[in-house]
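Just so it is clear, none of the values below were taken in a lab; they were calculated from the coordinates. On a predicted model such as this, the values are computed, not experimentally measured, just so you know. We place every Cβ from the backbone using ideal geometry, glycine too, and count neighbours over all the protein chains shown.
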Amino acid sequence: MMSEDIANSRANNSLDAYWMPFTANRQFKANPRIFVGADGMYFKTSDGRDVLDGIAGLWCCNAGHKRPRIIEAVKKQVEELDYSPAFQMGHYKAFELADRLARLMPGDLDHVFFTNSGSESVETALKIALAYHRARGEGHRTRLIGREKGYHGVNFGGMSVGGMPANRKMFGSLVAGVDHLRHTHYVPGNAYSRGQPEHGVELADDLERLCALHDPSTIAAVIVEPVAGSAGDHAPQRLSATPARDMYETRHFADFR
Ligand SMILES: Cc1ncc(COP(=O)(O)O)c(C=O)c1O
């Protein structure tokens, strides 16, 4: 957009109607940061600046913006077939993509169920786990285990197995029967460590504690992020800044988003 167009569209369009996710709306709208374009690894702002897109959109434009091959492929597909229902009907591209993904996956991960978001993927994975156990006669396996500080999306299942207090606190009891492993943010051990630290295995062993508590026969699935994303990337802190606190203190990291 030319800057005059932007000025017109701002004049004609109030920012009020759009309820922005994970954003302090009043604060943003008092001082909006608007992107109007993107090219390669840069966004273009409404005041004409280039901003490095350090997180690839929201981790979804990893090949970069405005890539000619991607534009061409999207255009070609929309011209040929923009959408067809996925229930009881199909088109070759979905089967082709599933087949290619299955070949890339390790071991016996050889079936693909498509979803529209990470949140929907998590809900689906939890449902598949529960349905799987029920279908093979172990319907008593209903307990789900997540991890403190884990982020698994915005729906009830994902919030329940997730461990982000600010995301959970508004929504009551959430899904019943969920327990959580301890989080892995451990300042004394992680600060400035080289290579793989010695500690950490005890955090996986924590699962045995939960199995003993609930009985292994009740557990349907365990879900953890291999690398924490939404819980924040924590810069190493000076140890002196965290004196005699519990090594696994959570209070200070309760409100990430
Ligand atoms: C591990 C994990 N699960 C689920 C989600 C939710 O994905 P979406 O935002 O596409 O719903 C995210 C998003 O960051 C994620 O990192």
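Descriptive notes on the structure:
- Cα gyration tensor shape for the chain, rounded if a/c is under 1.5, else prolate or oblate: oblate
- Taking Leu52, Leu207, Leu97 and counting other C-beta atoms within 10 Å, the order from fewest to most: Leu52, Leu97, Leu207
- Placing +1 on the Cβ of every Lys and Arg and -1 on the Cβ of every Asp and Glu, with no other charges, gives the stretch 81-136 a dipole of roughly 200 debye about its Cα centre.
- When the charge dipole of the chain is built from unit charges on Cβ atoms (+1 for Lys and Arg, -1 for Asp and Glu) and taken about the Cα centre, the candidate among Tyr132, Gly118, Gly162 whose Cα reaches farthest toward its positive end is Gly162.
- Qualifying chymotrypsin sites (Phe, Trp or Tyr not before Pro) in the stretch 84-189, where qualification requires a DSSP coil assignment and no more than 15 other C-beta atoms within 10 Å, comprise Phe87, Phe113, Phe114, Phe171.
- Bridge orientation summary for the chain: considering DSSP beta bridges with both residues in this region, about 55 percent are antiparallel.
- Unit charges on C-beta of K, R, D, E only; dipole of the stretch 124-226, Debye: 420 debye
- Approximating the spin labels as points 7 Å out from Cα along Cα→Cβ, the Arg49-to-Ala98 distance works out to 4.7 nm.
- Likely footprinting exposure, Asp53, Asp108, fewest C-beta neighbours within 10 Å first: Asp108, Asp53
- Dipole of the chain, positive direction: furthest Cα of Pro216, His183, Ser173, with charges on the beta-carbon: Ser173
- Given charges at Cβ of Lys, Arg, Asp, Glu: the chain dipole, positive-most of Met20, Ser193, Val74: Met20
- By the count of neighbouring beta-carbon atoms within 10 Å, fewest first, His111, His133, His214 end up ordered His111, His214, His133.
- Basic side chains Lys and Arg get +1 at the Cβ, acidic Asp and Glu get -1 at the Cβ, and with that the dipole of the chain about its Cα centre reaches some 420 debye.
- Cross-link pairs beyond the 28 Å C-alpha cut-off, checked among Lys76/Lys127; Lys93/Lys149; Lys75/Lys149; Lys44/Lys76; Lys44/Lys169: Lys76/Lys127; Lys93/Lys149; Lys75/Lys149; Lys44/Lys169
- Helix-only [θ]222 nm of the chain, DSSP H runs n ≥ 4, -39500 (n - 2.57) each, per residue, nearest 500: -10000 deg cm²/dmol
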